[in-house]
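Peer 1: The structure follows.
The values are calculated or read from the model by the stated rules, or taken from the named source; none is laboratory data. Keep in mind the model is a prediction, meaning the values are calculated, not measured. Please note: Cβ atoms are built from the backbone with ideal geometry, for glycine as well, and neighbour counts cover all protein chains shown.
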Amino acid sequence: MINYKHLHYFWMVAKEKSIVKASAQLHLTPQTISGQLSCLEEAMGVALFERIGRHLELTDAGRLVLSYADEIFSLGSELQNAVRHRPKKSSLAFKVGIDNVVPKSIAYRLLEPALQIPEPVHFYCRENDLDALLTDLLLHKLDLVISDSPISPDLDFRGSCDPLGESGLTIFAAAALAERLQGEFPSCLDNAPLLLPASNTGIRTHLQRWFDKWRIHPAIVGEFEDSALMKEFAQAGVGVIAAPTAISAEIERKHELIAIGAVEEAVIRYYAISVQRKTAHPAVTAIAEKAGEWLFKQIA
């Protein structure tokens, strides 16, 4: 077993290349340092220094030991800093999964109430398709999943699926593309280039019903699992998109898109999906109580 006090004395001597200088740094006598170095060399069975003139030089074995000592004492310094600067209060881990099709801004605003609870919260956010997120939820790898689709009644899911709020649906396009659309809304969307979210999403389901009602047949030019990427394509003028009315102002400002019409009767709902437990996670409770207030106000 290595005596780490002896190793530290060796490390200091190797850095200073002098027992006298090292002893001054350690506030010990040179005789004490020399004795401790001898004990370390004896324990390792090799010479660590050789004297050249008035200076000590490391042997090959000494250089090897020094490389390990550098790592050991560097880690020790990191440990000390980590303990010294650790948070005074332990944070509450909150693992949340967000369905790919849920807009980032809506996801943040739905999660924001968790930041207001008394305990400091440490977020672990993951994006994926709903099936993958539900699997992780059932394995207790997640505390909550946010989606724009409820749990299918055909799925044997033992948990809760609570509505958080709802929003209308609006069609957006880049200005140049909007100018090229012929006729009044919504007939101007017939044969218009369309960007869609992935299948089995709330937005896509509402759009398909609405297009069927108006006998509109747009040209689908792209399908996306990531709502943010879909907006980037729309900003470039590749196609029109449908997005929640609740974030219209943000979409127009951030992505330079303009609203060209509302999808009548379409209501996009957002759900908090969790596994039923005896004690609810306080962040989940805060979200369920507060998140809907923002969305419902947008369509009032």
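Peer 1: Could you list, in sequence order, the residues of region 224-265 that are small (G, A, S) and touching a Ser or Thr at 6+ places or on another chain (Cβ under 8 Å)? Explain how you work it out, then say what you get.
Peer 2: Here is the first cut: in region 224-265, the residues small (G, A, S) are 227-228, 234, 236-237, 239, 242-243, 246, 248-249, 259, 261-262.
Across region 224-265, the qualifying residues are A242, A243, A246, S248, A259, G261, A262.
Peer 1: I've got another one for you. Select, from K231, K254, the only residue that is crowded, with 20+ Cβ neighbours inside 10 Å, charged (D, E, K, R) and either more than 20 Å from D148 (Cβ to Cβ) or within 25 Å of the chain's Cα centre (by Cα) (or both).
Peer 2: Going through K231, K254 in turn, the sole match is K231.
Peer 1: OK, next. Residues N100, N3, N81: which one is of a type outside the set (F, W, Y) and touching a strand residue (DSSP E or B) at 6+ places or on another chain (Cβ under 8 Å)? Give the derivation first.
Peer 2: Values: N3 fails: touching a strand residue (DSSP E or B) at 6+ places or on another chain (Cβ under 8 Å); N81 fails: touching a strand residue (DSSP E or B) at 6+ places or on another chain (Cβ under 8 Å).
Answer to the check: N100.
Peer 1: Let me ask you something else. Where in region 183-276 are there helices (runs of 4 or more DSSP H), lying wholly inside it, with at least 2 residues that are farther than 25 Å from L130 by Cα?
Peer 2: Working: elements: 202-214, 227-235, 248-254.
Answer list for region 183-276: 202-214, 248-254.
Peer 1: So is L189 over 15 Å from E264 (Cβ atoms) and hydrophobic (A, V, I, L, M, F, W, C) or not? Lay out the reasoning, then the answer.
Peer 2: Details: over 15 Å from E264 (Cβ atoms): no; hydrophobic (A, V, I, L, M, F, W, C): yes.
In short, no.
Peer 1: Further, regarding this structure: Restricting to region 209-228, and then to whatever is modelled with pLDDT under 90 and surrounded by fewer than 15 Cβ atoms within 10 Å (Cβ to Cβ), can you tell me which residue is farthest from P103 (Cα to Cα)? Steps first, please.
Peer 2: Going residue by residue through region 209-228, those that are modelled with pLDDT under 90 are 225-228.
Adding the requirement that they be surrounded by fewer than 15 Cβ atoms within 10 Å (Cβ to Cβ) leaves 226, 228.
Numbers: D226: 8, A228: 7 Å.
Result: D226.
Peer 1: Checking Q276 against (1) touching a Lys or Arg at 6+ places or on another chain (Cβ under 9 Å); (2) modelled with pLDDT of 90 or more; (3) within 24 Å of C125 (Cα to Cα), only one condition comes out false. Which one?
Peer 2: (2)
Peer 1: What about S34, is it touching a Pro at 6+ places or on another chain (Cβ under 9 Å), surrounded by 11 or more Cβ atoms within 10 Å (Cβ to Cβ) and polar (S, T, N, Q)?
Peer 2: No.
Peer 1: Can you say whether L177 is of a type in the set (A, V, I, L, M, F, W, C) and farther than 18 Å from A234 by Cα, as far as the supplied structure shows?
Peer 2: On the way: of a type in the set (A, V, I, L, M, F, W, C): yes; farther than 18 Å from A234 by Cα: no.
No: the conditions fail for L177.
Peer 1: Answer with yes or no whether A43 is farther than 14 Å from W11 by Cα, touching a residue at least 12 places away in the same chain (Cβ under 8 Å) and part of a helix (DSSP H, G or I).
Peer 2: On the way: farther than 14 Å from W11 by Cα: yes; touching a residue at least 12 places away in the same chain (Cβ under 8 Å): yes; part of a helix (DSSP H, G or I): yes.
So A43 passes the test.
Peer 1: Scan region 122-158 residue by residue and report those that are within 18 Å of the chain's Cα centre (by Cα), surrounded by fewer than 17 Cβ atoms within 10 Å (Cβ to Cβ) and aliphatic (A, V, I, L, M).
Peer 2: Residue satisfying the conditions is A132 alone.
Peer 1: Name the single residue that is nearest to I273 (Cα to Cα) among those in region 159-201 being loosely packed, with under 12 Cβ neighbours inside 10 Å and among the polar types (S, T, N, Q).
Peer 2: Once the filter is applied, the top-ranked residue is S199.
Peer 1: Output the residues belonging to region 192-241 that are under 12 Å from A174 (Cα atoms) and touching a Leu at 6+ places or on another chain (Cβ under 8 Å).
Peer 2: Matches in region 192-241: P193, K231, F233, A234, Q235, G237, V238, G239, V240, I241.
Peer 1: Could you give every pair whose Cβ atoms fall below 9 Å, whose first residue belongs to region 49-74 and is touching a residue at least 12 places away in the same chain (Cβ under 8 Å), and whose second residue is among the basic types (K, R) and part of a helix (DSSP H, G or I), counting only separations of at least 6 or pairs across chains?
Peer 2: From residues that are touching a residue at least 12 places away in the same chain (Cβ under 8 Å), the pairs are L66/K15.
Peer 1: Condition check: in contact (Cβ under 8 Å) with a residue 40 or more places away in the chain, in the same structural domain as R158 (by TED's automatic domain parsing) and buried (at least 17 other Cβ atoms within 10 Å of the Cβ). Does S274 satisfy that?
Peer 2: Values: in contact (Cβ under 8 Å) with a residue 40 or more places away in the chain: yes; in the same structural domain as R158 (by TED's automatic domain parsing): yes; buried (at least 17 other Cβ atoms within 10 Å of the Cβ): yes.
Yes: the conditions hold for S274.
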